[in-house]
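Notes to accompany the following structure.
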Amino acid sequence: MDKTSRPAHTRPVQTWAAMAGAAALAVAAWYLLPVEEGLRAFSDWANGLGPWGLLAFGVLFFLATLLVVPGTPLTIAGAVAFGWAVMPVVLVSATLGSWLAFVAARTLLRDRVRRLIERRPALNATVEAVGDGGWRLMTLMRLSPFVPFNAQNYVLGVTDVRTPAYLVSTVIGMLPGTVVCVYLGVIGRHAGSDEPTHWITLGLGLLATLAVVELTRRRVRAKLEGGRVGAR
């Protein structure tokens, strides 16, 4: 009995150890790889556009949402360039891009998206669970990387959810992650300093982000599994 129970007890420890290691690697990559130089170059380019910089970034983020490009790196880069002012731009651009992708999946791309989902059992189960769980489960999905955020726009387009519920869950779901990414980017603006406080703050921020992601992922997976059991 001890042998069978040991993995259940050790799994959380292994998970937290892995998250701490990932945070340490991220901090090390920031200082050892040319990440900072790339972000500085992007910041100089964006700020060189003057008052059009935020608008250009918003268009870029809108297109990235449609093309299923991960928004996390873009959000952090935007925060390095513009600070907290980028947050409303990200929220508006991502919401518009998500809505257009949702509409496209519901109309022009419906058959293609359905065929793609049918070939992937995990996505198919997600669609069924959302249909049973409604907007609450959809909001939980938005909070979790169980399915990439921008890919969810197309997946949710073939479900029976209504557009208002979709938009509300989209905004609620993206808000915490956006705040965290902008916060990390704002910290990154000052990360060139050798002060230990910047290292500590960046590391703690990354660790907190990974912890939230892991806890949310567990809850979403439990909800999805519960939805599948209930459907049977």
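Proximity of backbone amide H atoms, modeled 1.01 Å from N, is registered between V161 and no other residue at under 5 Å, excluding neighbours fewer than 5 places apart on the same chain.
As a rough guide to protection, the peptides 174-182, 71-79 ranked by mean Cβ packing within 10 Å, highest first, stand as 71-79, 174-182.
Near S169, once Lys and Arg are set to +1 and Asp and Glu to -1 for all other residues with Cβ below 9 Å from its Cβ, the sum equals +2.
None of the figures in this text is laboratory data; all of them are computed from the coordinates on show. Remember, predicted model here, so these are calculated numbers, not experimental data. No Cβ is skipped: glycine too gets one built from the backbone with ideal geometry, and neighbour counts run over all protein chains shown.
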